[in-house]
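Have a look at the structure below, then the notes.
The values are calculated or read from the model by the stated rules, or taken from the named source; none is laboratory data. Source: prediction; values computed, not measured. When we count neighbours, we look across all protein chains shown, and the Cβ atoms used for this are built from the backbone with ideal geometry, even at glycine. Areas reflect the complete protein model, heavy atoms only, side chains present, ligands, DNA and RNA absent. Shrake-Rupley method; radii C 1.70, N 1.55, O 1.52, S 1.80 Å.
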Amino acid sequence: MRITVDGTPHELDIEADMPLLWLLRDELGIHGPKYGCGIAQCGACTVHLDGLAVRSCQITAGEADGAEITTIEGLGTPEALHPVQQAWIEEQVAQCGYCQSGQIMQAASLLVLNPNPTDDEIDAAMSGNLCRCASYPRIRAAIRRAIQAEGA
Amino acid sequence: MIRAAALLLALAGPAAAQDFAPVYDVLSHPRCANCHVDEAGIPLWSNDDGTTRPHGMNVQAGESRMGIETLPCATCHGTQNNPLPGGAPGAPDWALPPAEMVWAARSAREICEQLKDPERNGGRTLEEVADHVVHDPLVLWGWTPGPGRDPAPGTPEETAAAILAWAEAGSTCP
Amino acid sequence: MGRLKTIARRTFLIGSAAVAGGVAFGIYAYRKPVENPLLADLPPGAATLNPYVLIDAEGVTLITPRADVGQGAVSIQTYLLAEELDVDPATIRTDFGPASGAYYNGKVAAEGMPLAAWDDGLVARTGRGAGDVIAKFLGLHLTGGSTTVPDSYDKLRAAGASARETLKEAAAQRLGVDRTALRTEDGAVIAPDGTRITYADLATEAATLDPVEAALRDPADWRWLGKPMRRTDIVAKSTGTFRYGGDLVFDGMLHATVVTNPVMGAGLTSMDTGAALAMRGVAAVLPVTDGFAVLADNTWRAMKAARAVVPVWGTATTHAATTDEMWQAHADAMTEANRDSRFADDGDVDAAPGTPLAADYRAPFLHHAPLEPANATVTYTAERTDIWTATQIPTFIRDAVAGITGQDADQVHLHNLASGGSFGHRLEDIWVRQTAEIAMQRPGTPIRMTWSREQDMAHGFLRPMALARGRGTVDAGQVRSFDLSIAAHSVGESQLGRQGLPAAGPDVAIVAAAWDAPYALPDRRVTGYRVPAGVGVSSWRSVGASHNGFFHESLMDELIHAAGADPVEERLRLIHHAPTRQVLETVADMASWDGPLGDGRGRGVAVTFAFGVPCAQVIEVSQTDAGLRLDRLWLAAEVGRVLDPVNIESQLSGGALFGLGHAIGAEITFADHRPEQSNFHDYDSLRLWQVPQVEVRALGTTGEIRGAGEPGLPAAAPALANAIFAATGTRLREMPFAKTMVFA
């Protein structure tokens, strides 16, 4: 199968039923997306597939054949931060940090699809992402900060 | 094939043929009714004890019935079932049916009347409804719902046959 | 006070022999400085000035021995050292350091003693001092009990100051000037003429000097402490570049997963591995204690093959089959024979006047379920074993693995990592032991073992379920008497037992935050009953206070309502501890507390005192078509000196919301001797849309230094239950509340 991840094309000989998450982590060594539940309950594995936020533990290699994937590591880097990452840093969101790759990818997708969401729209789009540390108030604040930064 | 089955069922006797019950058993089953929900667009999850609760995570189907635009069903639901317990189920084009096709928490009579009404069945004849049951991938999912979920009763073919038999017998409602 | 007499007769949980013996023979040894564990593995050219400062040609590395489980421990330890050492916290390297008794936690042992944190009497002070002695002797290198900052505050600043002055002394000798003529800045000593000598340049000379003792800087002169800090890990955790245990890659590594008997401890009788071994990438299926491991070239392949193994599980059981039977065992344990403690016993509750009220309360088993599933990497050779894992108990793991490999403890090297959450989970180590067992069967091969979420969820050591019987009387519009009995398994007995340690004496955790709740009533009693060991139990965020806050503050609320009094006013009348009264007054002010709201809305209040921190919360709820909705949460706490206002707010708010998520929707139940929950679809917590608006205030009016990770939790559940009562008239006495109430 062929897949492009963070701009780099790859050709792989792997099982069609391998979840995209494990293709990324164990075949390509891209560890930003995290394994938390394996059943689309926590969102820690969220990546963008052809621009749409998806749970990479649900998408199989077969389904991802030919797709363009963006992971947290391709969204922005410590040297060139994405505005959502910048907002996450300014608001000091992360505690343990394990869910935050997925939270940030989901938030980035939200702001592409709806650059000026209401509080209810933020809550609706982000409720599939579980944070066991409950950093939620700062997640809300960071998204609002990113909206302002984008609008400025 | 379906016609032959319908004929056989019709020949079995008027009482059986007129019975909407086998159709209702399928349509009201959680594998169908959990997604045939009202305009609020909140699908249902089944608990182990047979009761239902709203889908977690504040999931809403939105006007598109494919999920609100910023969190479409496809974020979690792929084209096939996750093999793990509690895993997200999948089928091509995962979405809720239109709101006018609501079956959840409705009586046999209400669902029966809806099924006959092209305004509320996707503009289909009953024959087309039966055909839809055996061809639509998302409907077919109801009989292959993945681990930990009870499939809808019988088979798609038996359900289609039951619809046709009930139709041929006059499609009376309970 | 009667309480002190009671305590004087008691042994402490950690072991009476340890307390008495430690104090008696230990003062001289206790005062000896700890050995510097960094000397053992010092790389060529590197120097170390004390256990917290390592300097080599590359620069300074700070040792931050307390585990970071998300609470920001690395960051605050870094700032404490950097504030005195004058290095840049943003760029300085840090390391957790080796497992070593030198990093003993002098504060955590006191948590196991029946000493109220508000009590500053002689017995309490002596007991706390003994805790420090015990911890040093046992080499308790341990993170827990919200003690990281209290234990580190002086130690790390002193280590930083001493290292700074020793480096200055080395520079003074080299330059032939007096040390007082020198200053330090960003990792260098600056001479009067502006000459700059880096710490790296001075390190080997400084290491030959006797460490200089230095006075600590005046807080008024602090550069970073006391102001909002940028967490040292924040950029990595916001860019996906932070590395957790499961992200480590080693040459020649095999991925592994473990599956053990769903009935913990019942063992594996036999297994059919044929199908698994035939699957792509599978290297081996190996036995481990209680189950098996699958080794493969990819974690998913290992997990998939593990599902293809057909095990025949053993059937021995060590506890009851169902949750209902376990509740019965808790009810049955409320007898004199099982009485564990009665640390509070004032007046005579049996003779108290007034109108009686009685109610039972329940709290379920809970799993820590941090989002990062348990994992470890172990490489074993006959000469040495290396372990990479995230742990709060480094020395225990080192010794446990040495026991498995048959090596000496100094042949086992633990490389500690930050953890993707814990909530107490990383005080356990069963997965590390399993990985060591695998590694021994593959010498020389790094084994990176990851539990599936299903394995993790079904093999937790749990927050104990607990049953409380409350009663009291009200008289003339006031609460007159208060009598609370609590039955639970002993966390100390279970958890210390897993490490081969004794747990003598009563378990304070059974009654924590209940017996020492700072309420004064003429007749007041709190009794703990120990339920005989069953399901393995563990320290879960705020430990006993996690259920006792709910029990105590629910019963208190019921009595206050029965008396017809105001929930804030009556508590203020009864609370004898000034800082606790102050947080309650503050939160009432924040919420503009002013009687019932009506119209389907309600507010509840609760105040708890745990880990030395009084914390008061008001929660506001409303009834909606979709169910009950949490609208607002106000929280006031007195953590003493506020070192990082941002992180303290995150920890207090996180603790409260973690508590609410479980109070509403989570429980581990048993059927057929095994947990019924397997993943987050049946063990969920708060999601963003359910999170109320949160407002936190840390008072910072006392000079104490307290941790903030746990104290935000205990008042959350009762504040919610009390709010629900105010809004609906329904009194919720059993968690999770979603069993009896629909939530939006």
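The table for this structure:
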item	result
Selection from region A:116-141 of residues that are more than 7 Å from chain C (Cβ to nearest Cβ), more than 21 Å from A:LEU81 (Cα to Cα) and either of a type in the set (Gly, Ala, Ser) or surrounded by fewer than 24 Cβ atoms within 10 Å (Cβ to Cβ) (or both)	A:PRO117, A:THR118, A:ASP119, A:ASP120, A:GLU121, A:ILE122, A:ALA125, A:GLY128
Residues that are away from every other protein chain (no Cβ under 12 Å) and either β-branched (Val, Ile, Thr) or out of contact with any Asp or Glu (no Cβ under 7 Å at 6 or more places or on another chain) (or both), drawn from region C:217-234	C:ASP218, C:PRO219, C:ALA220, C:ASP221, C:GLY226, C:LYS227
Which numbered condition A:ILE122 fails, given (1) under 12 Å from the mean Cα position of the chain (by Cα); (2) in a helix (DSSP H, G or I)	(1)
Looking only at region C:704-744, and only at residues there that are open to solvent by 40 Å² or more (accessible area, probe 1.4 Å) and assigned to a loop (DSSP other than H, G, I, E, B), the one that is nearest to C:GLY640 (Cα to Cα)	C:GLU704
Candidates C:ALA369, C:ALA376, C:ALA358, C:ALA316 - the one that is modelled with pLDDT of 95 or more, assigned to a loop (DSSP other than H, G, I, E, B) and not polar (S, T, N, Q)	C:ALA369
A:LEU113 vs. criteria at the interface with another protein chain (Cβ under 7 Å from one of its Cβ atoms) and open to solvent by 30 Å² or more (accessible area, probe 1.4 Å)	yes
All positions within region C:217-240 that are free of Cβ contacts under 8 Å to residues at least 12 places away in the same chain, open to solvent by 20 Å² or more (accessible area, probe 1.4 Å) and not in a loop (DSSP other than H, G, I, E, B)	C:ALA220, C:ASP221, C:VAL235, C:ALA236
Scan of region C:685-703 for residues that are facing chain A (nearest Cβ under 7 Å), part of a loop (DSSP other than H, G, I, E, B) and among the hydrophobic types (A, V, I, L, M, F, W, C), ordered by number	C:LEU686, C:VAL691
Residues of region B:56-70 satisfying the condition of being at the interface with another protein chain (Cβ under 7 Å from one of its Cβ atoms), open to solvent by less than 20 Å² (accessible area, probe 1.4 Å) and touching a Leu at 6+ places or on another chain (Cβ under 9 Å)	B:MET57, B:THR70
Pairs, first among the polar types (S, T, N, Q) in region C:194-215, second crowded, with 17+ Cβ neighbours inside 10 Å, C-beta under 7 Å, six or more apart	C:THR198/C:GLY187; C:THR198/C:ALA188; C:THR204/C:ALA47
Counted residues, region A:107-125 - those being of a type outside the set (Ser, Thr, Tyr) and within 19 Å of C:THR239 (Cβ to Cβ)	5
B:LEU126 being hydrophobic (A, V, I, L, M, F, W, C) and either farther than 26 Å from A:ASP123 by Cβ or within 14 Å of chain C (Cβ to nearest Cβ) (or both)	yes
Neighbours by Cβ (under 7 Å, 6+ apart or cross-chain): first from region B:150-172, on the phi > 0 side of the Ramachandran plot; second of a type outside the set (D, E, K, R)	B:GLY154/B:VAL26; B:GLY170/B:GLN18; B:SER171/B:LEU126
The one condition in (1) closer than 30 Å to A:ALA40 by Cβ; (2) open to solvent by 20 Å² or more (accessible area, probe 1.4 Å); (3) among the polar types (S, T, N, Q) that C:THR701 fails to fulfil	(1)
Residue among C:THR299, C:THR315 that is touching a residue at least 60 places away in the same chain (Cβ under 8 Å), among the polar types (S, T, N, Q) and either farther than 30 Å from A:LEU21 by Cβ or open to solvent by less than 20 Å² (accessible area, probe 1.4 Å) (or both)	C:THR299
All helices (runs of 4 or more DSSP H) inside region A:1-95 with 2 or more residues being within 9 Å of chain C (Cβ to nearest Cβ) and modelled with pLDDT of 95 or more	A:72-75, A:83-90
Residues that are open to solvent by 30 Å² or more (accessible area, probe 1.4 Å) and free of Cβ contacts under 8 Å to residues at least 40 places away in the same chain, drawn from region C:117-127	C:ASP120, C:LEU122, C:ARG125, C:THR126
Filtered residues of region C:235-252 (kept if facing chain A (nearest Cβ under 7 Å) and at positive phi)	C:GLY240
Filter result for the condition that a residue is at pLDDT 95 or above, more than 29 Å from C:VAL535 (Cβ to Cβ) and either open to solvent by less than 20 Å² (accessible area, probe 1.4 Å) or not in a strand (DSSP E or B) (or both), over C:ALA321, C:ALA276	C:ALA276
Checking C:GLY654 against (1) within 9 Å of chain A (Cβ to nearest Cβ); (2) open to solvent by less than 10 Å² (accessible area, probe 1.4 Å); (3) touching a Gly at 6+ places or on another chain (Cβ under 6 Å); (4) closer than 30 Å to C:LEU225 by Cβ, the condition it does not meet	(3)
Matching residues in region A:115-136 - criterion: being in contact with a helix residue (DSSP H, G or I) (Cβ under 6 Å, 6 or more places away or on another chain) and free of Cβ contacts under 8 Å to residues at least 24 places away in the same chain	A:ILE122, A:ASP123, A:ALA125, A:MET126, A:SER127, A:ALA134, A:TYR136
Enumeration of residues in region A:2-15 that are open to solvent by 70 Å² or more (accessible area, probe 1.4 Å) and in contact with a strand residue (DSSP E or B) (Cβ under 8 Å, 6 or more places away or on another chain)	A:ARG2, A:PRO9, A:GLU11
Out of C:PRO114, C:PRO98, C:PRO44, sole residue that is outside any helix (DSSP H, G or I) and open to solvent by less than 10 Å² (accessible area, probe 1.4 Å)	C:PRO114
Per-region count, region B:76-100, residues closer than 29 Å to B:ARG120 by Cβ and either of a type in the set (A, V, I, L, M) or in contact with a Leu (Cβ under 9 Å, 6 or more places away or on another chain) (or both)	9
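Here's the yes/no breakdown for (1) surrounded by 14 or more Cβ atoms within 10 Å (Cβ to Cβ); (2) β-branched (Val, Ile, Thr):
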{"site": "B:MET101", "(1), (2)": "yes, no"}
{"site": "B:ALA108", "(1), (2)": "yes, no"}
{"site": "B:ASP117", "(1), (2)": "no, no"}
{"site": "B:THR125", "(1), (2)": "no, yes"}
{"site": "B:VAL134", "(1), (2)": "yes, yes"}
{"site": "B:THR159", "(1), (2)": "yes, yes"}
{"site": "B:ALA165", "(1), (2)": "yes, no"}
{"site": "B:CYS173", "(1), (2)": "yes, no"}
